[in-house]
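*Asks:* My structure is below; once you've seen it, I'll send some questions.
A short reminder: the numbers here are calculations on the coordinates, not readings from a lab. From a predicted model like this one, the values you see are computed outputs, not experimental measurements. Note that each Cβ is placed from the backbone with ideal geometry, even for glycine, and that neighbours are counted across all protein chains shown.
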Amino acid sequence: MAFDETKVTRLKHLVQNAQAAKNAIDALQAAMPTKVSDLTNDSNFQTQTQVEEAISAAVSGALQPAGSIAFAALPALAKANCNKIYNITDAFTTTADFVEGASKSYPAGTNVAIINVGTAQTPSYKYDTYTGTFDFSGFAEKVSSATSGNFAGLDANGNLTDSGSKAADFVAAESGKRLMTDAEGTKLAGISTEANKTTVTTEASGAIEIDGVSKTVVAFATDTEVTEALNGVWNPSAGGSD
């Protein structure tokens, strides 16, 4: 039997529904496994040992700080020194042993690492720099002789300059302007009047009257209706439908 889902129910019916939900949850919890070993690892989740081994392998491939040394003291390109990174204390020029090739100049404080540019089976070690050169030629400079509070502008060459105008200049220019015409104001007032014509009057318990039309807003379900609704949820074979 179909039931009206819009009707309001009583507190005792909510209690009945909550108890039925609790019973279902209790039964589900009783049947649930309590140990990972009770489950089938069909997604191949990793064990603690496998995770630790993966982390160890990743860390071993990460760069390891090895202190500060002079360029001439860089250690040999060998497996024992792979992934070590050094802070070079003097300016230097790269050689053919560097990833980027020879004849690149770097300042003191540049970091140099020894990395494998080959494969695990056929390693090939080189030095790699970790300091870049930055070009600031395109950055805007500070406006000279600027007046505090003025907006900045661009001259014919694209350079920053003082515009000679401030926020108050624009406020003064716009302060005398109206947001709408008289005709537009009258039209808006008419729309507002029509929008406020709807009247709402309480007629009776569970119903209201809107512009002379009675509307039912609350209807209470009977005990029989609630029982049928609960059966439809917790015991579909007993009757009830949604």
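*Asks:* Given the Cα-Cα distance of Leu77 and Ser105 and 0.36 nm per residue of separation, how much length would full extension add, in nm?
*Replies:* Numbers: separation 28, 0.36 × 28 = 10.08 nm, distance 2.01 nm.
Computed gain between Leu77 and Ser105 is 8.1 nm.
*Asks:* What distance in nm separates the simple spin-label points at Ala27 and Asp223, each placed 7 Å from Cα in the Cβ direction?
*Replies:* 2.5 nm
*Asks:* Enter the Cα centre distance for the pair segment 8-38 and segment 99-115, rounded to the nearest angstrom.
*Replies:* Comparing the Cα centres of segment 8-38 and segment 99-115, I get a distance of 67 Å.
*Asks:* Over 28 Å between C-alpha atoms is what I'm after, so list which of Lys166/Lys187; Lys79/Lys104; Lys142/Lys166 land there.
*Replies:* Details: Lys166/Lys187 37 Å; Lys79/Lys104 25 Å; Lys142/Lys166 18 Å.
Lys166/Lys187, as the Cα separations exceed 28 Å there.
*Asks:* Further question on the same structure: Treat each spin label as a single point 7 Å out from the Cα along the C-beta direction, and report the Lys84 to Leu14 distance in nm.
*Replies:* The modelled label-to-label distance comes out at 7.1 nm.
*Asks:* So for each of 31-41, 108-118, 154-164, 65-75 I average, over its residues, the number of other beta carbons within 10 Å; can you give me the resulting order with the highest mean first? Mind dumping the intermediate values first?
*Replies:* Working: 31-41: 7.7, 108-118: 16.6, 154-164: 10.9, 65-75: 12.9.
Ranking, from highest mean packing down: 108-118, 65-75, 154-164, 31-41.
*Asks:* Another question, if that's okay. Tell me the label-point distance for the pair Ala70, Ser124, using the 7 Å Cα-to-Cβ offset, in nm and rounded to one decimal.
*Replies:* Each label point is offset 7 Å from its Cα along the Cβ direction, giving 3.2 nm.
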